[in-house]
Amino acid sequence: MQIPLVDLRAQYKTIRSEVLAAIEDVLSGMQLFLGKQSQAFEQEFAAYCGCHYAVGVASGTDALALALRACEIGPGHEVITVSNTFIATVEAIALVGATPVFVDIDPETYTLDWTQLERVLTPRTRAIIPVHLYGHPVEMQPVLEFAREHGLRVIEDASQAHGATYRGRRVGSFGDIGCFSLYFSKNLGAYGEAGISVTNDSALAEKMRMVRDHGSRIRYQHEIMGVNARLDELQAAVLRVKLRYLDQWNTARQEHAQFYTEQLRELKIEVPFVQLWGTHVYCYYVIQVQGRDYFRKVLEQEGIATGIHYPMPIHLQPACAHY
Ligand SMILES: *Cc1c(COP(=O)(O)O)cnc(C)c1O
C-alpha cells in the first residue's frame, strides 16, 4: 500500500460533483474576479472564524504582506516572529521593507514562546506574528497582553491552522488581523493559489481591499500604491464547496492523529502534544525520533511517505543571513 504525504485525488472524489457544478457556474457567468463567489466566500469564511470581515487574496504570503501594509509597517520597523516556520512568514516582513526579529519556540507545542518577547523588544518593534504551526494554536493570551502593553500589532499566521481553536475560539480571530494560506495542501486548500485575511477592524479590511486591487476602490482611480493580489472567482467557488467540509475533515485528521499517537506511544517517539487550552487540526502530524533518516527510509520501504518540516530553520537560511 502506498501512502502519499498528501492525496488530494481521494478528497476530490468525495466532492467532485459539487466542485464541477461550482466551476460551471463561474464559467457560464464569466465574472472571473471580485464577483459574487469571492464576496460570498469572504462572508462565509469571516463567519467561520467569528470575525466581521474577510479579504480574499492571491496567496498566504500576500495575506501577510497586505496585513503588514494595512498596519503601516515598513522600513525601519521590526516585526517579531519565529524561526521555526515556513519562509513565507518572514518573506512578508521583508516584502514590506521591515526587519524580522526571531524568537525561539516552546518545545512542547513548537510555537512561539511568549517569555522570549521582552528580550527582543526595541523602540522599533511594531508587530508580532505568532504562527499556529502544524495546526496547534499559539498560547495567545500572554502575546496579546504583551502587545497591548507595548502598543504592538498582532498579525496571526494561521496558514496551517484553519479551524483550530484557542480557549474555545477559532484562531485568526485574536489579533488585529488573522492570515491564512489556502495553498492546495493546507487544511482548506484551493485548486491553485489563494489566501485570505480576517479582521474585526473595518479600516484595516478596507485598506487590504484597496492594496490587493492596485490601490483602488473605484476602477482606474488609484489612491495608494497597491499590487495585484486578488482572489479569483474560480478558486473562491471551489473554496466555498470545501469550506462546508472543513470541520468534518479536521475531525477526521484528529481521529487519525489519535490513532497514530496510540500506536506510537510505546516507541521512543515524541508524538504531538496538545495543550488543554487548544485544539490541534494536524495540518502536519510531526514527531521527533532518534535516527530520523534511517526511520524515514524504513517507512519509505513500507510505502509511507514522510517529510521534514522544516529541514533548516529560517534564521540559518542564506536568504536571511543579513538578519
Ligand atoms: C503555507 C504557508 C504560508 C504561505 O502561504 P502561500 O499561500 O504558499 O503563500 C505562510 N505561512 C505558513 C506558516 C505557511 O504554512
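Here are some notes:
- Within the stretch 181-201, residues that are of a type in the set (S, T, N, Q) sit with their Cβ atoms under 6 Å from residues that are surrounded by fewer than 24 Cβ atoms within 10 Å (Cβ to Cβ) and outside any loop (DSSP other than H, G, I, E, B), at 6+ positions apart or across chains, in these pairs: THR199/TYR53; THR199/ALA205.
A quick yes/no check of all residues on (1) without any contact (Cβ under 8 Å) to a residue 60 or more places away in the chain; (2) closer than 30 Å to ALA98 by Cβ; (3) among the basic types (Lys, Arg); (4) not in a loop (DSSP other than H, G, I, E, B):
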| position | (1), (2), (3), (4) |
| --- | --- |
| ARG9 | yes, no, yes, yes |
| TYR12 | yes, no, no, yes |
| VAL19 | no, no, no, yes |
| ALA22 | no, no, no, yes |
| ALA47 | yes, no, no, yes |
| ALA54 | no, yes, no, yes |
| ALA67 | no, yes, no, yes |
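- When every residue of the stretch 39-52 is checked against the conditions, at least one turns out to be buried (at least 19 other Cβ atoms within 10 Å of the Cβ) and within 16 Å of the ligand (Cβ to nearest atom).
- Condition check for SER181: surrounded by fewer than 20 Cβ atoms within 10 Å (Cβ to Cβ), near the ligand (Cβ under 10 Å from one of its atoms) and either under 28 Å from ALA229 (Cα atoms) or over 19 Å from the mean Cα position of the chain (by Cα) (or both): no
- Failed condition for MET30, given (1) of a type outside the set (Asp, Glu); (2) within 30 Å of LYS207 (Cβ to Cβ); (3) surrounded by 13 or more Cβ atoms within 10 Å (Cβ to Cβ): (3)
- Taking every residue in the stretch 74-89 that is without any contact (Cβ under 8 Å) to a residue 24 or more places away in the chain and more than 15 Å from ALA158 (Cα to Cα) and pairing it with any residue that is of a type outside the set (A, V, I, L, M, F, W, C) and outside any strand (DSSP E or B), at least 6 positions away or on another chain, the pairs with Cβ-Cβ distances below 6 Å are PRO75/GLY97.
- Scanning the stretch 84-105 for residues that are outside any helix (DSSP H, G or I), buried (at least 19 other Cβ atoms within 10 Å of the Cβ) and either of a type in the set (D, E, K, R) or within 12 Å of the ligand (Cβ to nearest atom) (or both) returns ASN84, THR85, PHE86.
- The stretch 245-266 - residue that is among the hydrophobic types (A, V, I, L, M, F, W, C) and without any contact (Cβ under 8 Å) to a residue 12 or more places away in the chain and, of those, farthest from the ligand (Cβ to nearest atom): PHE259
- Some residue of the stretch 153-166 being more than 16 Å from the ligand (Cβ to nearest atom), within 17 Å of VAL79 (Cα to Cα) and not hydrophobic (A, V, I, L, M, F, W, C): yes
Just so you know, all these numbers are worked out from the coordinates, no wet-lab data involved. What you are looking at is a predicted structure, and each value in this text was computed from that prediction instead of being measured. Because the Cβ atoms are built from the backbone with ideal geometry, glycine has one as well, and the counts that use them run over all protein chains shown.
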